[in-house]
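In what follows, a structure is listed as structure tokens, so that the remarks can point back to it.
The values are calculated or read from the model by the stated rules, or taken from the named source; none is laboratory data. All of these numbers come straight from a predicted model, not from anything done at the bench. Here the Cβ positions follow ideal geometry from the backbone for every residue, glycine too, while neighbour counts run over all protein chains shown. Note: accessible area is taken over every heavy atom of the protein model, side chains too, but ligands, DNA and RNA are not part of it. Shrake-Rupley method; radii C 1.70, N 1.55, O 1.52, S 1.80 Å.
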Amino acid sequence: MMDTLTNAVEELYILYHKDIVRFFAEHLADRDTSWDLCHEVFVRLLIALASGTQLQHPQRWLMRVAKNLLIDTYRHRQATAEVNLPFDSLEQAMLASDATTFKTLLEHNDMVQVIVETFRTLPETYQRLLFWREIERLSLQEIALHTGKAEPVLSTDLWRARKLLQKEYQRRRFKDLLPADEEIFEHLDALIRFNLTASPEE
């Protein structure tokens, strides 16, 4: 099943990655960031397909995610400039850290499986919110139109959904090192930086 999915994503990557890199490069001066964001688009595709999403028009979906990811990048840079963080700060480094994620996920089907299994344990409302925001990169305004909820309420719900996803994902990743009821899981976000592709030992 996962082999079929990764093969499908690789085929779409071969077909469309140049167009997506070109799209990012037209708007961003940094070609490395353009490649990083392109890989991020395909990470989202892999997780979306693994979660059971049916895409009628993959190219259109990829370009929509790319556009929304570009908007997020602009917002991130603007926020970074406003608080006067140095360019090589942790927040800026987050973009560069995505460069190997796509390849790593393709090489570790079990990791994708853990992500999907974790996602499916969440309440349906959280699944929907995370899919719209984290996979399709819809803005809070767009999600508000879908749900009829106010943006501050959605922001709080998304925060809770992310925290729950992180905690449940870590439980699965650390299952061979720590018991599932270990108290440390209540404090992981304060102890370690969340990284999907890091090994539990790290």
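Candidates in the range 129-154 are the residues that are more than 17 Å from N68 (Cα to Cα) and assigned to a helix (DSSP H, G or I); of these, the one that is least open to solvent (accessible area, probe 1.4 Å) is L154. Scanning the range 51-75 for residues that are among the aliphatic types (A, V, I, L, M) and either in a helix (DSSP H, G or I) or touching a residue at least 40 places away in the same chain (Cβ under 8 Å) (or both) turns up L62, M63, V65, A66, L69, L70, I71. Inspection of the range 98-108 finds no residue satisfying the criterion of being β-branched (V, I, T), modelled with pLDDT of 90 or more and out of contact with any strand residue (DSSP E or B) (no Cβ under 7 Å at 6 or more places or on another chain). For the range 28-50, the set of residues classified as within 13 Å of the chain's Cα centre (by Cα) and either open to solvent by 30 Å² or more (accessible area, probe 1.4 Å) or in contact (Cβ under 8 Å) with a residue 40 or more places away in the chain (or both) consists of D36, L37, H39, E40, F42, V43, R44, L46, I47, A48, listed by residue number.
R64 meets all of the listed conditions (1) within 18 Å of the chain's Cα centre (by Cα); (2) at pLDDT 85 or above; (3) buried (at least 16 other Cβ atoms within 10 Å of the Cβ) but one, namely (3). Please go through the range 155-166 and give me each residue that is crowded, with 16+ Cβ neighbours inside 10 Å and either of a type in the set (A, V, I, L, M, F, W, C) or modelled with pLDDT under 90 (or both), ordered by number. Once the filter is applied, which keeps residues that are crowded, with 16+ Cβ neighbours inside 10 Å and either of a type in the set (A, V, I, L, M, F, W, C) or modelled with pLDDT under 90 (or both), the range 155-166 yields L158, A161, R162, L164, L165, Q166.
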